[in-house]
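Below is one structure, written out as structure tokens, with a few remarks after it.
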Amino acid sequence: MKVTIVGAGNVGATCADVIAYRGIASEVVVLDIKEGFAEGKAMDISQCAANTGFNTKVSGITNDYSKTANSDVVVITSGIPRKPGMTREELIGINAGIVKSVVDNVLAHSPNTIVVVVSNPMDTMTYLALKASGLPKNRIIGMGGALDSSRFKYYLSKALDKPINDISAMVIGGHGDTTMIPLTRLAAYNGIPVSEFLSQEQLDKVAAETMVGGATLTGLLGTSAWYAPGASVAYLVDSILNNQKKMIACSVMLDGEYGQNDICIGVPCIIGKNGIEQIVAISLDEKEKAAFAKSADAVRSMNADLKSVLG
């Protein structure tokens with residue numbers, strides 16, 4: 001199995017490293033526009049094999065999309081990162097042109113690939129990739145919900161003082177500080193609702209911390225996070241390549257599901273060899289439905305700025 005990662009920055013390189021280390025794919029190609037940058041990252045990752053034992057072939061290339069041919073999955077991380085004080089929405093003007101160009105180039109060499117979009121604003125970039133490519137919606141996947149859900153589990157783990165891998169929790173809605181919806185009502189610790197252990201005040205605090213989880217890290221690091229985003233992408237790619245049928249919150253085009261149309265937004269999906277195998281319908285209460293509708297309105301508003309890019 002072959003994976004191409006477009007963008008050799010922190011998120012792309014971490015994704016390549018996790019995929020190689022875990023043996024998720026037999027080949028990983030990292031591409032970047034900066035001369036020698038992807039080559040250096042790939043060489044550095046490859047030299048880990050002597051001490052970690054993986055056999056994945058990792059190579060780097062500068063802007064030569066022919067080397068990405070016949071990729072089973074293409075991950076798009078390219079674009080400028082979010083700077084302190086910058087919202088994801090402010091990235092749209094710059095990153096939209098980059099993502100459209102990448103989609104056109106990768107599909108010229110890998111017409112049957114599944115595309116995973118990481119570039120921000122992620123829901124809008126996923127919508128752009130789908131519209132610009134003309135691919136069926138199961139083959140264009142936005143990664144954000146996997147990352148947001150991992151942060152949700154982290155904050156629940158801290159509040160509960162319990163292992164994060166014993167916690168089941170999901171974030172739906174837009175991948176933004178004001179648009180994501182941590183489903184505290186459905187979160188569980190080893191099958192028991194977390195509301196049995198945490199007060200409503202504690203749950204509200206966890207939800208609030210989750211929603212600003214990305215901004216918190218940006219403030220601390222001076223740039224966007226990369227370890228958890230890279231691992232989240234690898235987790236999603238693993239479910240695709242190995243047909244694991246995992247349920248992962250992903251940004252996907254909705255055609256009536258959750259009462260929405262013509263929008264890419266985070267909902268629970270079954271992820272397998274065909275990409276989005278199924279959009280899972282979960283029963284939301286009235287408060288959650290209202291929050292989802294509000295989130296969709298915000299994402300749709302951002303999508304309106306794509307008119308010039310899509311023509």
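The values are calculated or read from the model by the stated rules, or taken from the named source; none is laboratory data. Model, not experiment: these values are computed from the prediction. Quick reminder, even Gly has a Cβ in these numbers, built from the backbone with ideal geometry, and neighbours come from all protein chains shown. For the accessible areas, the whole protein counts, side chains as well, though only heavy atoms, and no ligand, DNA or RNA atoms are used. Shrake-Rupley method; radii C 1.70, N 1.55, O 1.52, S 1.80 Å.
Numbers for the structure displayed
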item	result
Simple label model, 7 Å out from Cα along Cβ direction - LYS57 to ALA188, nm	4.4
Among ILE76, ILE164, ILE61, residue whose mean-square fluctuation peaks in a GNM of the chain (springs only between Cα atoms under 10 Å)	ILE164
Normalised contact order of region 182-233, rounded percent, pairs of Cα under 8 Å and 6 or more residues apart	23
Efficiency of FRET between LYS34 and ASN261 - r from beta-carbon atoms, R0 35 angstrom, step 0.05	0.35
Angle between the chain longest axis and helix 227-241 axis [Cα atoms, degrees, rounded to 10]	80
Gain upon complete extension [PHE197, ILE282; 0.36 nm per residue less C-alpha separation]	28.3 nm
Cα centroid separation, region 190-209 to region 237-273 (Å)	26
Under 21 Å from LYS205, Cα to Cα: lysines that are on another chain or at least 8 residues apart	LYS153, LYS158, LYS162, LYS287, LYS289, LYS294
Computed Rg/Rh of region 214-260, alpha carbon atoms with Kirkwood Rh	1.13
Dipole magnitude (debye, nearest 20) for the chain, charges at Cβ of Lys, Arg, Asp, Glu	300
1.4 Å probe accessible area per residue over region 128-281, in Å²	41
Separation of the ASP64 and ALA304 label points, Cα + 7 Å toward Cβ, nm	4.6
Those aspartates and glutamates that a straight Cα-Cα span of less than 14 Å connects to LYS245, excepting residues fewer than 8 apart in one chain	GLU277
Neighbourhood net charge (13 Å Cβ-Cβ; Lys/Arg +1, Asp/Glu -1) for VAL171	-2
Accessible surface, per residue, of region 19-95 when the full set of protein chains is kept, probe 1.4 Å, Å²	51
Relative contact order (percent, whole number), region 104-145, Cα cutoff 8 Å, 6+ residue spacing	48
Ratio of Rg to Rh over region 28-85 (Cα coordinates, Kirkwood Rh, two decimals)	1.03
Sulfur and carbon atoms: percent of accessible area, region 205-311 [1.4 Å]	56
FRET efficiency, LYS294 to ILE94 (Cβ-Cβ, R0 30 Å, nearest 0.05)	0.70
Total formal charge among the other residues, if their Cβ is under 10 angstrom from that of SER110, Lys/Arg +1 and Asp/Glu -1	0
Among (i) 35, 58, 6; (ii) 32, 56, 12, 0; (iii) 28, 39, 23, 9, 0, the entry derived from the coordinates for P(r) over Cα pairs in 20 Å bins from 0, in percent	(i)
Mean-position separation - Cα centroids, region 13-68 and region 71-143, in angstrom	20
Rough spin-label spacing in nm, given labels placed 7 Å along Cα→Cβ, for ASP166 and ASN243	3.5
Cα-based reach from LYS41 at 14 Å (exclusive), listing aspartates and glutamates while leaving out same-chain residues under 8 positions away	ASP17, ASP32
Carbon plus sulfur fraction of accessible area for region 30-100, probe 1.4 Å, in percent	54
Protection proxy ranking, peptides 26-34, 136-144, average beta carbon neighbours within 10 Å, highest first	136-144, 26-34
Value at 222 nm in deg cm²/dmol, rounded to 500, when DSSP H runs of n ≥ 4 in the chain each add -39,500 (n - 2.57)	-13000 deg cm²/dmol
